[in-house]
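Q: The structure follows.
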Amino acid sequence: MIWWLKSRSGAALFGVTLLTALTGIGLGRIALPVPSLTGSGGDFFLGALVTVVPAVLWLNATGRVAPAVEATALRPVHRLDTALAAALAATVLTITAIAHALGSDDVALMVGRNTVFYLAAAVTISPLFGPRVAAPLLAAIPLVLGVAGWRGRSPQPWAVILHPGASSRALAATLAMAAVAGIIGVTVRTKDPRARALTRQR
């Protein structure tokens with residue numbers, strides 16, 4: 001367990017996640033200049049972009065060791081990684097809930113929701129593409145949604161990160177995605193054929 005946590009730079013991950021949450025709460029309403037494919041769009045806030053950082057770093061941390069090696073480990077590493085992502089999400093949700101209770105506007109809710117959305121997306125796509133490929137794909141999500149996710153001045157229903165923090169529809173979609181990601185994260189193991197070969201040798 002200690003080796004796994006060190007290999008994931010757990011302390012650094014939690015530190016960056018905390019800093020990201022605080023930055024998002026403090027600066028999340030700064031509008032970023034992103035062109036829209038429809039010719040007009042709403043405000044693309046910093047809170048929709050900076051919150052991708054913990055998920056990208058989680059992918060980087062979980063992709064340091066070859067899947068073929070980790071698939072032969074005695075401990076279910078993929079489940080530990082999923083638990084780490086869940087712990088990061090819980091940390092952000094706690095911070096943002098406290099900030100909102102202390103008087104922050106709905107930007108705190110947006111920061112918490114978007115961080116969970118990105119972490120769920122990371123857990124979902126990592127088994128499909130591998131962490132190293134999934135990281136740049138995930139980092140592109142806010143830019144793609146910022147450009148293509150508008151319907152006039154309103155966000156498209158599927159552009160979850162663009163919705164206001166108080167949007168119950170966006171929250172429900174995020175929670176549903178997190179539930180699916182949790183199932184994938186604890187059940188899906190690597191399909192790397194080298195892993196199966198190493199397992200047969202043990």
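The values are calculated or read from the model by the stated rules, or taken from the named source; none is laboratory data. In this text, all values refer to a predicted model and were calculated from it rather than measured experimentally. Note that we place each Cβ from the backbone using ideal geometry, even for glycine, and neighbour counts take in every protein chain shown. Surface areas here come from the heavy atoms of the whole protein model, side chains and all, with no ligands, DNA or RNA. Shrake-Rupley method; radii C 1.70, N 1.55, O 1.52, S 1.80 Å.
Q: Going residue by residue through region 119-126, is there one that turns out to be in a helix (DSSP H, G or I), among the small types (G, A, S) and in contact with a strand residue (DSSP E or B) (Cβ under 6 Å, 6 or more places away or on another chain)?
A: Within region 119-126, not a single residue is in a helix (DSSP H, G or I), among the small types (G, A, S) and in contact with a strand residue (DSSP E or B) (Cβ under 6 Å, 6 or more places away or on another chain).
Q: Look through region 92-116, keep the residues that are outside any helix (DSSP H, G or I) and open to solvent by 60 Å² or more (accessible area, probe 1.4 Å), and return whichever of them is nearest to T174 (Cα to Cα).
A: D105
Q: How many of the residues in region 46-69 are open to solvent by 30 Å² or more (accessible area, probe 1.4 Å) and modelled with pLDDT under 80?
A: Residues in region 46-69 being open to solvent by 30 Å² or more (accessible area, probe 1.4 Å) and modelled with pLDDT under 80: 5 in total.
Q: Are any residues in region 16-45 at pLDDT 90 or above and open to solvent by less than 40 Å² (accessible area, probe 1.4 Å), and if so, which ones?
A: Within region 16-45, T17, T20, A21, G24, I25 meet the criteria.
Q: Do we have L128 as among the aliphatic types (A, V, I, L, M), loosely packed, with under 15 Cβ neighbours inside 10 Å and closer than 17 Å to L59 by Cα here?
A: Considered against the rule, which asks whether it is among the aliphatic types (A, V, I, L, M), loosely packed, with under 15 Cβ neighbours inside 10 Å and closer than 17 Å to L59 by Cα, L128 comes out as yes.
Q: Would you check which residues across region 136-172 are touching a residue at least 24 places away in the same chain (Cβ under 8 Å), open to solvent by less than 50 Å² (accessible area, probe 1.4 Å) and part of a helix (DSSP H, G or I) and list them?
A: L138, A139, I141, P142, L145, G146, V147, A148, V160, I161, L162, A170
Q: Let me ask something additional. Tell me, yes or no, whether region 136-146 has at least one residue that is over 25 Å from V34 (Cβ atoms) and either more than 20 Å from the chain's Cα centre (by Cα) or modelled with pLDDT under 90 (or both).
A: No - not one qualifying residue is present in region 136-146.
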